[in-house]
Amino acid sequence: MEPSVDKSNYCTDTDEMINWFEKSAENAVAVQRQTLRRILELNHGVEYLKKWLGDIRLQDENAMESLYATMVPLASHADFEPYIHRIADGEKAPLLTQDPMKTLSLSSGTTEGRQKFVPFTHHSSQTTLQIFKLAAAYRSRIYSIREGGKVLEFIYSSKQYKTKGGLIAGTATTHYYASEEFKIKQQHTKSFTCSPEEVISSGDYKQSTYCHLLLGLYYCDEIEFITSTFAYSIVQAFRSFEELWKELCHDIREGTLSSRINITKVQKVVLDIIVPNPELASRIESICEEVEREDWFSIIPKLWPNVKYVYTIMTGSMQPYLNKLRHYGGDLPLVSADYGSTESWIGVNVEPSSPPEKVTFAIIPTFSYFEFIPLHRSKSQSYNNSHKDANLLANDDFIEDEPVPLSQVKIGQEYEIVLTTFTGLYRYRLGDVVEVASFHKKTPKLNFICRRKLILTVNIDKNTEQDLQLVVERGSRILILSKSKAELVDFTSHANVSKKPGHYVIYWEIKGDVDENVLGECCTEMDASFVDHGYVVSRKTNSIGPLELCIVERGTFKKILEHFIGNGAALSQFKTPRCTSNQVLLRILNVCTTKRFYSTAYG
């Protein structure tokens, strides 16, 4: 029998939903032990666990955590990959879970340059429904929305396919949008997406985006909030809107559909909805003509007067899109969506009014069993040598201590998350670096810091994704202050070690014309803004060369997006890689580079 989430999963009362979580949070330590016991009971005897536990049943909850951590090693995706491929090829023996697996998720592939299979079960869909309902309950306490209102959701499915063994494979978002839980979610949160399933699953993100915008405008007075999985998708949609608004107005006026929509099922379902509305089209046109002169500032509240907030993931690699989102949203609240991964949901935003830069996520202790590897930042090699008792594992960007359970985490300490899931992952290193900011009752509230492996390094220097973002912010401020009114559209980076000395390369796509002297200043400012001790010392001794800023032509990052989508990723999942060594992406970036600048920091 498939493991199910708490029975309150099917309650519709907001207070009851919150009370369920508050009780779980208050008893988080005991709930975590129960969660681990339940996972191990459900999957006792599977091949992976038998390798480490034999026939031993870990039943004593008080000793279970320490015994489990002693007997089962920490693991990465590579450790599970052979088992997952055997499952994908049709092997029926219980390898990771006792229940036969019917579905596999594909990770986005934007982090490491290739997509990975991750187990997906009915439990995955149920926990997604649970966290959506819980998050909606907390939001409703601050932002009241009308029952039966509509939501403009920029969501996208990609194609599902069958593996050699007959399992359905596709992105986690694709599985969820196709599930019964997605329909239940709309009923229970009393808000309904304005795009039908045919638009969400069209398989062509450009056609889906056009129809999302068209239907969002058609229902503009009924839209209660605007959402997408990632901030990128909303920014991408409104950048498209800047070019498409006249065509959209024409379709609303005439009750027609643009010739750019050529998928028959999409044409039919949209044309069944819209009827000619000249009055609405004229109103939208008037607003767009006015807002276009102001570079589209506050376009969202002006076109959607009843929208209460914009709701999406804005942490990590999405943070660079915040300024543009605020530009489009004007005074609308930006509410950060919840914390999860392809492998498991992790935490809920219990304070929706917190600004995205300060958002924390309260761990939901029933979803998975969580462990935390304490991380200490390395300032130099001498610092490394002073921590001989710490465990130096494969990643040397941090000094690691022994993993601890949820009950032993400390405020202010940084950790890497380790997951044991109902879907067959055991002591799985997620690769996310988080800081414990505080506690909600007895469950930790996490501040997402960065992805662990996304670092720029040439030798002893170690710069995280967060470090890079801070540096790019410093450099782009010069753009903002210049009279050019230019705007940074997107960026990525690369540690070029093919030349001696190695150096950092940062790629910028810019909207607007900028004086070359200004771009040279931006480059030097970024180089001088890296504060990592190893980088500063290496630059001063010229063991790392001057930073290189490459300006790429307009549309370059759209080509990168299309590369990933062409390889099976969905727009809902897409994250621009902030640091890449992927040769295909580097080829696109270098072919599209129009100007290069080198830092004059450090002489």
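Okay, here's what the table says:
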item: Largest-first ellipsoid semi-axes for the chain, taking √(5λ) over the Cα gyration tensor eigenvalues, angstrom; result: 37, 34, 22
item: Dipole of the chain [Lys/Arg +1, Asp/Glu -1 at C-beta], most positive-end residue of 297, 565, 591; result: 591
item: Efficiency of FRET between residue 583 and residue 540 - r from beta-carbon atoms, R0 35 angstrom, step 0.05; result: 0.65
item: Carbon/sulfur fraction of accessible area - the range 34-112, other protein chains in place, 1.4 Å, %; result: 49 percent
item: In sequence order, calculated HN-Hα J values of the range 470-487 (Karplus, 6.51, -1.76, 1.60; Hz; x Gly/Pro); result: 5, 5, 5, 4, 4, x, 6, 4, 5, 4, 5, 6, 6, 7, 6, 6, 7, 9
item: Residue pairs, from the table 268/302; 92/162; 133/441; 485/559; 92/453; 159/265, whose Cα atoms sit over 22 Å apart; result: 268/302; 485/559; 92/453
item: Cα-only radius of gyration and Dmax that characterise the range 262-387, units Å; result: 22.3, 73
item: Residue-normalised accessible area of the range 398-452, given per residue in Å² at a 1.4 Å probe; result: 28 Å²
item: Residue order for 578, 239 - accessible surface, 1.4 angstrom probe, largest first; result: 239, 578
item: Per residue solvent-accessible surface (Å²) - the range 468-603, probe of 1.4 Å; result: 44 Å²
item: Reachable aspartates and glutamates from residue 116, criterion Cα separation under 13 angstrom, eight or more residues apart if same chain; result: 79, 81, 343
item: Positive minus negative residues near residue 143 (Lys, Arg vs Asp, Glu; Cβ under 10 Å); result: +2
item: Separation in nanometres of the label points that stand 7 Å from Cα toward Cβ, at residue 376 and residue 63; result: 3.2 nm
item: Vicinal HN-Hα couplings computed from phi for the range 212-226 (Karplus, 6.51 cos²θ - 1.76 cosθ + 1.60; Hz; Gly/Pro x); result: 4, 5, 4, 6, x, 6, 4, 9, 4, 7, 9, 6, 9, 7, 10
item: Distance between the range 395-447 and the range 126-170 - C-alpha centres, whole angstrom; result: 25 Å
item: Chymotrypsin sites (Phe, Trp or Tyr not before Pro) within the range 529-581, DSSP loop, no more than 13 other Cβ atoms inside 10 Å; result: none
item: Helix-only mean residue ellipticity at 222 nm for the chain, each DSSP H run of n ≥ 4 adding -39500 (n - 2.57), per residue, nearest 500; result: -12000 deg cm²/dmol
item: Size of electric dipole in the chain: Cβ of Lys, Arg +1 and of Asp, Glu -1, about Cα centre, debye, nearest 20; result: 840 debye
item: Spin-label proximity, residue 91 to the range 47-73 - amide N less than 18 Å from point 7 Å beyond Cα toward beta carbon; result: 47-54
item: HN-Hα J in Hz across the range 420-436 - Karplus 6.51, -1.76, 1.60, θ = phi - 60°, x for Gly and Pro; result: 10, 10, 5, 9, x, 10, 10, 6, 8, 6, 6, x, 8, 9, 10, 10, 7
item: C-alpha center-to-center spacing [the range 43-57, the range 461-505] in angstrom; result: 48 Å
item: Within the accessible area of the range 468-572 (1.4 Å probe), percent carbon and sulfur; result: 53 percent
item: Cut-off 9 Å between beta-carbons: net charge of the residues surrounding residue 550, Lys and Arg +1, Asp and Glu -1; result: +1
item: Computed label-point distance, nm, for sites residue 500 and residue 411 using a 7 Å Cα→Cβ extension; result: 5.2 nm
item: For the chain: relative contact order, % (alpha-carbon pairs under 8 angstrom, 6 or more apart); result: 14 percent
item: Gain on full stretching of the segment that runs from residue 596 to residue 30 - 0.36 nm per residue minus C-alpha separation; result: 198.1 nm
item: Dipole-positive endmost among 340, 31, 579 within the chain (Cβ charges, Cα centre); result: 579
item: Charge dipole magnitude, Cβ of K and R +1, D and E -1 - the range 223-370, Cα centre, debye nearest 20; result: 240 debye
item: Surface accessible to a 1.4 Å probe, residue 453 within the full protein complex, Å²; result: 120 Å²
item: 205, 598, ranked by accessible area, largest first (probe 1.4 Å); result: 598, 205
item: D_trans [Stokes-Einstein, Kirkwood Rh over alpha-carbon pairs] for the range 189-268, 4 °C, 1.567 mPa s, µm² s⁻¹; result: 98 µm²/s
item: Solvent-accessible area per residue for the range 188-232 (1.4 angstrom probe, square angstrom); result: 25 Å²
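The values are calculated or read from the model by the stated rules, or taken from the named source; none is laboratory data. Nothing here was measured: the structure is a model prediction, and the numbers come from that model. Virtual Cβ from ideal backbone geometry, glycine too; neighbours counted across all protein chains shown. Remember, those area values only see protein heavy atoms, side chains included, never the ligands or the DNA or RNA. Shrake-Rupley method; radii C 1.70, N 1.55, O 1.52, S 1.80 Å.
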